[in-house]
Amino acid sequence: MAFVMKEIRNIAIIAHVDHGKTTLVDKILYQSKLFRDTDEKKELILDNNDLERERGITILSKNVSVEYKGTKINIIDTPGHADFGGEVERVLNMADGVLLLVDAFEGPMPQTRYVLGKAVALGLKPIVVVNKVDKENCRPEEVQEMVFDLMCNLDATEDQLDFPTVYGSAKNGWMSEHWDNQTEDVTYLLDQVIEHIPTPGIVEGTLQMQITSIDYSNYIGRIAVGRISRGTMRANTPISLVRRDGKVDKTRIKELFVFSGLGKEKVEEVQCGDLCALNGIDDFNIGDTVADFENPEGLVPMDIDEPTMSMLFTINTSPFFGKEGDFVTSRHLRDRLFKETEKNLALRVEETESPDSYIVYGRGVLHLSVLIETMRREGYELQVGKPRVIIKEVDGVKNEPIETMTIDVPEATSGKVIELVNMRKGEMTVMEPRNDLMHLEFEIPSRGIIGLRNSILTISAGEAIMAHRFLKFAPWKGEIPSRSKGVLIVHETGVSIPFALNKLQDRGHFFIPPGVEVYQGQVIGEHTRDNDLVVNVTKTKKMSNMRSSGADDKVKIAPPLIMSLEQAMEYIDDDEYVELTPKNIRIRKIFLKEHERKRGGVMA
Ligand SMILES: Nc1nc2c(ncn2[C@@H]2O[C@H](COP(=O)(O)OP(=O)(O)OP(=O)(O)O)[C@@H](O)[C@H]2O)c(=O)[nH]1
Ligand SMILES: [Mg+2]
């Protein structure tokens, strides 16, 4: 039977975090289904793992595919958060063009610049999608011009600068030539894709496919994903796997798949230019080339991004150890961390002198917290130390990572925000009003950003929009003041009592409600002053006449400040750990007993 060549387009959807990539892909999938049949009307959700859903962010890039007017469009949805930028860069290797989404209100943001820069450098053809034109006060035309300027800045070619622009609202399911001309669906965008994104070239010769991502299936194990850049691939055939270091292993492809809708379709053969997934070659890595069995020729391995941050991971040593988790030993921790490095590219694990502790290197607080959160859900207990940025020696000079950071805040609070950022060694490079917000840009050491988001949100009553992204290594900027407030520390293990919490309310703000178990040395609140304070919240003495719950009910205690995992990670100081179990996130002093702690608090 003759092999029918199909028209193909390969596009990646890129943008700053939250500008609407996944929403758009969902709508494209949904609507292209409607073109064929109308039975499946349920909302398609591409962010399909629990963490992605809860947080409303994409963590892993995903491949989907739709048929439109006889053409197969492979679409790669990518994560927008800066910590996952390396992943975006890698999967761009599978595309011939990009849809660059930009929020019609916010305009280009730090990550827009980064991902667009990568796409431009790879010579990919862009289509600009000015999204969220349904937003009040949006400024689609101005944003379009800003994107054009950005592309000029990034040295785009004439052809790239000649990009089509599409306006619309992914959320409302339409795309159009003009922002004030609402249409029925996203077909205008798909037509632009067919017209402007180049067809992948068919290169004759022996097989070459570089592995750009790894997928997992409980049934078939590790799956390699990539784009066939030369030749044709067939299921059930012997191949060579050319490693990054040039070493060649002879192995065999078992099953072969192409992307189809949200899933994969098993096929016998995949043509050059198409994206595919395959299993059978278990022991592979990103960047390896699947090549001809007889005449293997490897492709140049792509760069894998360096970690920028590290954290100590250690077994749980709190008095509550083992109460809430199933996996608690150093063996469990070790195996789990090393297993993670097989698929989590930017992650590195280093042994320490102690078999109980490991240094884990990652791309940022979110990258590390996603791993920690996943481990909690799997039943692990562990403790982590304060995140540290990676310091490099350059010609004998101590260098640290510097990031660009944008903050949009209501004008009234911009003064305070600038002051705070300056204190953390941030230098302001841009300040301009945008509608009713003040737009600020800074260059700031990564160190200064840790914990900054909490303070900025507090100052701006939750109104600030903040984004940052790695810029360069530069000489150390000097000491940055750490947390300005001390903490409240538990004196004695027991259950927190409303009466006791109430009595201490003027000393600070608690992180725990009444009625929970706490242990000696646990951090349960922030002190109003800069020193640590040991407090009696479990005391039962003098309370015999206050025992009845009726008396407790009258006590009015301010609601506790419950920190998210990332907030806790960014909050702690050098002498503290975050303790993590499937049920709780607690902060503790590394030394639980007061006499062991150097900083020596006082007693309330
Ligand atoms: N008003 C409005 N909101 C939108 C539109 N498109 C998406 N959103 C909302 O913006 C938020 C982020 O959308 P996502 O599609 O998850 O954004 P994303 O670009 O995939 O985000 P990451 O994957 O985390 O980078 C969601 O709350 C969407 O409902 C739009 O056209 N208009
Ligand atoms: Mg997304």
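Which entries in K21/K583; K254/K339; K343/K392; K132/K583; K247/K339 show an alpha-carbon gap greater than 29 Å?
K21/K583; K132/K583
In degrees from 0 to 90, rounded to the nearest 10, what is the angle of the helix 140-153 Cα long axis to the longest principal axis of the chain?
Roughly 80 degrees, rounded to the nearest 10.
Charges at C-beta only: +1 for Lys and Arg, -1 for Asp and Glu. How large is the resulting dipole of the range 265-399 about its Cα centre, in Debye rounded to 20?
For this selection, approximately 1140 debye.
Calculate the spin-label point distance for E351 paired with R377, positioning each point 7 Å from the Cα along the beta-carbon direction, and give it in nanometres.
The two pseudo-label positions are separated by 3.1 nm.
Need one word for the range 418-492: rounded, prolate or oblate. Basis is the Cα gyration tensor (sqrt eigenvalues a ≥ b ≥ c); a/c below 1.5 gives rounded, then a/b vs b/c decides.
oblate
Farthest toward the dipole's positive end in the chain, which of N536, G486, L504, given Cβ charges of +1 (Lys, Arg) and -1 (Asp, Glu) about the Cα centre?
Of the listed residues, the answer is N536.
Kindly state, to the nearest 0.05, the FRET efficiency for R243 paired with V397, given R0 = 56 Å and r defined as their beta-carbon distance.
0.95
In debye, nearest 20, what is the charge dipole magnitude of the range 238-338 about its Cα centre with +1 on Lys and Arg Cβ and -1 on Asp and Glu Cβ, if you could check?
So the dipole magnitude of the range 238-338 works out to roughly 560 debye.
Could you tell me the calculated FRET efficiency between D303 and H595, based on Cβ-Cβ distance and R0 = 56 angstrom, to the nearest 0.05?
Computed FRET efficiency for D303 and H595: 0.65.
Quick one: pull the percent of accessible area on the chain belonging to carbon and sulfur, 1.4 Å probe, ligands and nucleic acids left out.
49 percent
For a test of the definition: using alpha carbon positions, the gyration tensor, and the 1.5 limit on a/c, classify the chain as rounded, prolate or oblate.
Prolate is the answer for the chain, as a/c is 1.5 or above and a/b outweighs b/c.
What relative contact order, as a whole-number percentage, does the chain give when Cα pairs under 8 Å and 6 or more residues apart are counted?
10 percent
With a Förster radius of 35 Å, plug the Cβ-Cβ distance of T458 and I220 into 1/(1 + (r/R0)^6) and report the FRET value to the nearest 0.05.
0.15
Residues in the range 247-282 near a label at V203, defined as backbone nitrogen under 11 Å from the 7 Å Cα→Cβ point?
Backbone N within reach: 273.
Against the longest alpha carbon principal axis of the chain, how many degrees, from 0 to 90 and to the nearest 10, is the axis of helix 411-423 turned?
With both axes taken from Cα atoms, the answer is about 80 degrees.
Have a look at G426, H19, M438 and report the one farthest towards the positive end of the charge dipole of the chain, computed about the Cα centre with Cβ charges (Lys/Arg +1, Asp/Glu -1).
The Cα lying farthest towards the positive end belongs to G426.
If you take the Cα Rg of the range 245-394 and divide it by 2.2 N^0.38 Å, with N the number of residues, what do you get?
Here the answer is 1.34, to two decimals.
With θ set to phi - 60° and the Karplus curve 6.51 cos²θ - 1.76 cosθ + 1.60, what are the ³J(HN,Hα) couplings of the range 565-582 in order, to the nearest whole Hz, using x for Gly and Pro?
Once θ is set to phi - 60°, the couplings for the range 565-582 become 4, 5, 4, 5, 4, 7, 7, 5, 9, 4, 9, 10, 10, 9, 9, 10, 9, x Hz.
Name the residue farthest towards the positive end of the dipole of the chain from the options P582, P108, A121, assuming +1 on Cβ of Lys and Arg, -1 on Cβ of Asp and Glu, about the Cα centre.
Checking the options against the dipole of the chain, the answer is P582.
Angle between the Cα long axis of helix 365-378 and the longest principal axis of the chain, 0 to 90 degrees, nearest 10?
Rounded to the nearest ten degrees, it is 80.
Restricting to the chain, compute how many DSSP beta bridges are antiparallel as a %, nearest 5.
In the chain, approximately 80 percent of DSSP beta bridges are antiparallel ones.
Which whole-Hz couplings ³J(HN,Hα) result when phi for each residue of the range 290-306 is put into the Karplus expression 6.51 cos²θ - 1.76 cosθ + 1.60, θ = phi - 60°, listed in order with x for Gly and Pro?
3J(HN,Hα) across the range 290-306, in whole Hz: 7, 9, 4, 5, 7, 10, x, 10, x, 9, 4, x, 7, 5, 10, 5, 6.
Grab the DSSP H runs of the chain that are 4 residues or longer, score each as -39,500 (n - 2.57), total them, divide by all residues and round the 222 nm result to the nearest 500 deg cm²/dmol.
-6500 deg cm²/dmol
Can you compute the modelled spin-label distance between I359 and K135, with each label point 7 Å from Cα toward Cβ, in nm?
Result for the modelled spin labels: 4.0 nm.
How much of the DSSP bridge set in the range 61-205 is antiparallel, in percent, rounded to the nearest 5?
Of the beta bridges lying entirely in the range 61-205, close to 50 percent run antiparallel.
Using Cα positions and a limit of under 27 Å, work out the lysines in reach of K589, with same-chain residues fewer than 8 apart set aside.
Result set, ordered by chain and number: K323, K386, K485, K503, K539, K541, K598.
Shape of the range 53-120 from its Cα gyration tensor (a ≥ b ≥ c, root eigenvalues): rounded if a/c is under 1.5, otherwise prolate when a/b > b/c, or oblate?
prolate
Could you order peptides 282-289, 394-401 by the average number of other Cβ atoms within 10 Å of their residues, highest first?
282-289, 394-401
How would you rank 8-17, 360-369, highest first, on the average number of other Cβ atoms within 10 Å across their residues?
Top to bottom by mean Cβ count within 10 Å: 8-17, 360-369.
Accessible area per residue for the chain in Å², computed with a 1.4 Å probe and the full protein assembly in place, what is it?
Per-residue value: 46 Å².
Fully extended, how many nm does the chain gain between E432 and F293 (0.36 nm per residue separation, minus their Cα-Cα distance)?
The E432-F293 span can extend by a further 44.1 nm.
The values are calculated or read from the model by the stated rules, or taken from the named source; none is laboratory data. As the structure is a prediction and not an experimental result, all values here were calculated from the model. No Cβ is skipped: glycine too gets one built from the backbone with ideal geometry, and neighbour counts run over all protein chains shown. Protein only, heavy atoms only, side chains kept; ligands, DNA and RNA dropped before computing areas. Shrake-Rupley method; radii C 1.70, N 1.55, O 1.52, S 1.80 Å.
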